[in-house]
Amino acid sequence: MSLALVYSRARAGVDAPLVRVEVHLSGGLPVTQIVGLAEASVRESRERVRAALLCARFDFPQRRITLNLAPADLPKEGGRYDLAIALGILAASGQVEPQSLLGYEFLGELGLTGELRPVSGALPAAIAAAEAGRILVVPPGNAAEAALAEHADVRVARTLLECCAGLGNPRLLPPVQRVDTTPLPLPDLAD
């Protein structure tokens, strides 16, 4: 029996509530089950994650895999949990050190090749991750949006393999490039 915990963020309007991705591996026929009020796009992540892990040359466990997206009463939608699910499976199967995941939060949809694709709502997730004191890992397509969170430590990973390599050494994951947010002068409307 193996258990792993990975943090991610949902999207609920302008908020980004914490989602705990709990992965449990047990004996039995090989099957992957996702629980926790997951919509169809989240349930389809089973196939995306499986293909991404195999393309990155990781082993996909031939065991019973239960994925719990907690809290159970919060609706989950989209592919934003793919990266967290993949890392949870790797940690539960011993391919990644489970303790290395605890200081991070992960957002990103996985392509079948392991490429990370952008998701919506990276700015609220970056703000919430900073308040929780964790590093947020996002795809390159979310870097500019997440960089707007001033006090957040946001890192960029292009692929699942790059993300796994950076877990032991955060210097391998480049930080987002901050942009100047100084407001432009407004025109004089006196006339």
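A compact table of results
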quantity: Yes/no for Gln62 being of a type in the set (S, T, N, Q), in a loop (DSSP other than H, G, I, E, B) and exposed (fewer than 15 other Cβ atoms within 10 Å of the Cβ); calculated: yes
quantity: Test: Leu116 is of a type in the set (A, V, I, L, M) and in contact with a Pro (Cβ under 6 Å, 6 or more places away or on another chain); calculated: yes
quantity: Residue match in segment 69-89 (condition: part of a helix (DSSP H, G or I), more than 19 Å from Pro139 (Cα to Cα) and in contact with a helix residue (DSSP H, G or I) (Cβ under 8 Å, 6 or more places away or on another chain)); calculated: yes
quantity: Entirely in segment 100-191, the helices (runs of 4 or more DSSP H) that have 3 or more residues that are of a type in the set (A, V, I, L, M) and buried (at least 20 other Cβ atoms within 10 Å of the Cβ); calculated: 122-132
quantity: Conditions (1) closer than 25 Å to Val31 by Cα; (2) free of Cβ contacts under 8 Å to residues at least 60 places away in the same chain; (3) touching a Phe, Trp or Tyr at 6+ places or on another chain (Cβ under 8 Å); number of the one not met by Ile135; calculated: (1)
quantity: Filtered residue count, segment 19-48, keeping only those that are without any contact (Cβ under 8 Å) to a residue 40 or more places away in the chain, surrounded by fewer than 19 Cβ atoms within 10 Å (Cβ to Cβ) and under 23 Å from Pro118 (Cβ atoms); calculated: 7
quantity: One residue from Ala51, Ala16 being over 16 Å from the mean Cα position of the chain (by Cα), under 20 Å from Phe106 (Cα atoms), at pLDDT 95 or above and surrounded by 15 or more Cβ atoms within 10 Å (Cβ to Cβ); calculated: Ala51
quantity: Inter-residue pairs, beta-carbon under 7 Å, first within 17 Å of Asp82 (Cα to Cα) and polar (S, T, N, Q) and in segment 153-177, second at pLDDT 90 or above and not in a strand (DSSP E or B), 6+ apart; calculated: Thr159/Gly114
quantity: Within segment 66-99, tally of residues that are surrounded by 24 or more Cβ atoms within 10 Å (Cβ to Cβ) and out of contact with any Leu (no Cβ under 9 Å at 6 or more places or on another chain); calculated: 1
quantity: Residue satisfying all of: in segment 50-77; out of contact with any strand residue (DSSP E or B) (no Cβ under 7 Å at 6 or more places or on another chain) and of a type outside the set (A, V, I, L, M, F, W, C); nearest to Ser120 (Cα to Cα) among these; calculated: Glu77
quantity: Only listed residue being assigned to a strand (DSSP E or B) and of a type in the set (Lys, Arg), chosen from Arg50, Arg20; calculated: Arg20
quantity: Given (1) free of Cβ contacts under 8 Å to residues at least 12 places away in the same chain; (2) part of a loop (DSSP other than H, G, I, E, B), number of the condition Val96 does not satisfy; calculated: (1)
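The values are calculated or read from the model by the stated rules, or taken from the named source; none is laboratory data. Here the structure is a predicted model, which means the values were calculated and not measured. Here Cβ is always computed from backbone atoms with ideal geometry, including for glycine, and neighbour counts include all displayed protein chains.
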